[in-house]
Structures are given as structure tokens and as C-alpha cells.
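Every number here is computed from the coordinates shown, using simple stated rules; none is lab data. Computed from a predicted structure; not experimentally measured. Please note: Cβ atoms are built from the backbone with ideal geometry, for glycine as well, and neighbour counts cover all protein chains shown.
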Amino acid sequence: AQRVTQPEKLLSVFKGAPVELKCNYSYSGSPELFWYVQYSRQRLQLLLRHISRESIKGFTADLNKGETSFHLKKPFAQEEDSAMYYCALSGSGGYQKVTFGTGTKLQVIP
Amino acid sequence: GAVVSQHPSWVICKSGTSVKIECRSLDFQATTMFWYRQFPKQSLMLMATSNEGSKATYEQGVEKDKFLINHASLTLSTLTVTSAHPEDSSFYICSAPTRGASGRGEQYFGPGTRLTVT
């Protein structure tokens, strides 16, 4: 069965501090991993995906197949980063159903 | 980018009645759409995959006779909650995949519909 685990419900950091949102997964085969973000009163949107290997809004995430992890990191948190972050996985291609983690609320303290 | 809309954004209905929620892809066609349910402060749980021109595929534990899904066109999927009960009160979100700016498939989410059953 496929599963995504985000151990932290809430993560509070001060502005300028590093951020790491943890995510572990289980999946039979080769999944595609994503981070989605939901800002207050807005819809869910894709932040980044492991295949792209890019940095979005200063965030990066590296897929570690050995540890089945896909942690989201940012070296210096900004106030506008405060949002709900969901780690998710699906089959490859981006057209398949998505399994979400329980989400982590990031609160950046000014 | 691609836009997915939902209607209504908020609906209140009485127990025992049925309510229909629409999900539309506004600027692209989608042969597949997905319906999720989100309880307060919880994650999105996939309910079913809506397939244009064929039956929906339901996730385990989701009552297909209670949550009727119809995908009659390439831009519209509807979710009908039949004989609604207070425990059906939730936030319902749909998504539709299409090619994103990166050139890869990407899910685009609707804004959600809040259902309150009294």
C-alpha cells in the first residue's frame, strides 16, 4: 500500500532560520514525489516535484530512495512561507491519482 | 496556468436530501478528474477517479451509491452526495491533470466546496 508520512503537524521557526519539513513514504515501484503548498484561503498548488530537481521560492527537496524520504528544505525562512505543506506521491507521469501526507503547518515568526 | 473551478463553493443542505457539486476544467480538457475529501485539519483523502465516458473508480471504503460521480464531458465532472447525513459534512476538492509549464503532467486543484448537512 502506498503511504506518505509527515511527522510534524506544526513547525514554527523564526524568520531567517532554516526550515526542514520531513516526509517519508512507502510505495511499490517508482513513485513520483511532490510537495504541494496551500496558502491561507487559497487552493492547493504544486510547489515542486522530485523529477524536476529545481528550487522553487528557495525550497529544495531531494529524494532519498534508501531512506524513502523526501524532505523539504529552505535555508532562510520568510514570513510569506507560512502555509500548509503537503508531501504527496503518485505513479510516474503526473496524470495519476495522488496520495497525500497529513500535512505540516509552517509558521514563520517575524 | 490551467484553471479548475468548482461550484458551489459552499452549500448547506438538510439531512436526507441530495446535493450536486460540479468540477470544471476551464481552459483544458480532462479525461480524468479526481475527487478528494478533506476533514477539518486533516489531509486530502482520495474518494474516486472520475473517467470521461465510463464509470468512476472508487477507493476502498467509499460508497459508490452514496457518492455518485458523472463525467459526461471532457470539461465537467459532478459529484452527487445522495441522502446526505451530517457526517457527510466536509470539504470536497477536485483535481484534473494536464500538461504543466514544465511540460510534464501536473494536477490542478479546484478551490473546494464546503458541504454542511444539517
> How would you rank B:Tyr58, B:Tyr92, A:Tyr25, going from fewest to most other Cβ atoms within 10 Å of each one's own Cβ?
Replying inline: B:Tyr58, A:Tyr25, B:Tyr92
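In what sequence, highest mean first, do A:27-40, A:3-16 appear when ranked by Cβ atoms within 10 angstrom? Mind dumping the intermediate values first?
Values: A:27-40: 16.9, A:3-16: 14.4.
My ranking of the peptides, most packed first, is A:27-40, A:3-16.
Once you keep just the Cα pairs under 8 angstrom separated by 6 or more residues, what percentage relative contact order results for chain B?
Values: 297 pairs, mean separation 42.4, N = 118.
Relative contact order here is 36 percent.
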> Alpha carbon centre of the stretch A:10-28 versus the stretch B:67-110: separation in Å?
Replying inline: 28
> Among B:Thr78, B:Thr57, which comes first, second and so on when ranked by fewest other beta-carbon atoms within 10 Å?
Replying inline: B:Thr57, B:Thr78
> Give or take rounding to whole Å, what are the principal axis extents of the alpha carbon atoms in chain A, in descending order?
Replying inline: 42, 30, 24
> Picking from B:Ala2, B:Tyr58, B:Val81, whose Cα lies most toward the positive end of the charge dipole for the stretch B:1-116 (charges on Cβ: Lys, Arg +1; Asp, Glu -1)?
Replying inline: B:Ala2
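Taking the Cβ of A:Gly101 as the center, what net charge do the other residues with Cβ under 13 Å away carry, scoring Lys and Arg +1 and Asp and Glu -1? Don't skip to the end; give the middle numbers.
Numbers: positive: A:Arg3, A:Lys9, A:Lys22, A:Lys105; negative: A:Glu8.
Combined, the nearby Lys, Arg, Asp and Glu give +3.
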> Dipole size in debye (nearest 20) for chain B around its Cα centre, Lys and Arg Cβ +1, Asp and Glu Cβ -1?
Replying inline: 100
> At q = 0.15, 0.19 Å⁻¹, what log₁₀ I(q)/I(0) does a Debye calculation on the Cα points of chain B give, no solvent, two decimals?
Replying inline: -0.61, -0.97
>> How big is the dipole moment of the protein assembly as shown about its Cα centre under a simple scheme where the beta carbon of each Lys and Arg is +1, that of each Asp and Glu is -1, and everything else is neutral? Debye, nearest 20, please.
In response: 120
> Which of the aspartates and glutamates could a cross-linker span from B:Lys41 if the Cα-Cα distance has to be under 19 Å and same-chain partners fewer than 8 positions apart are dropped?
Replying inline: A:Glu8, A:Asp81, B:Glu87, B:Asp88
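Residues of B:102-113, mean number of Cβ from any other protein chain within 10 Å of their own Cβ, rounded to a whole number? Working shown, then result.
Values: counts 7, 0, 8, 8, 6, 12, 4, 8, 2, 4, 3, 0.
Per-residue shielding by partner chains comes out at 5.
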> About the Cα centre of the stretch A:18-110, what is the dipole size in debye to 20, counting +1 per Lys and Arg Cβ and -1 per Asp and Glu Cβ, all else neutral?
Replying inline: 200
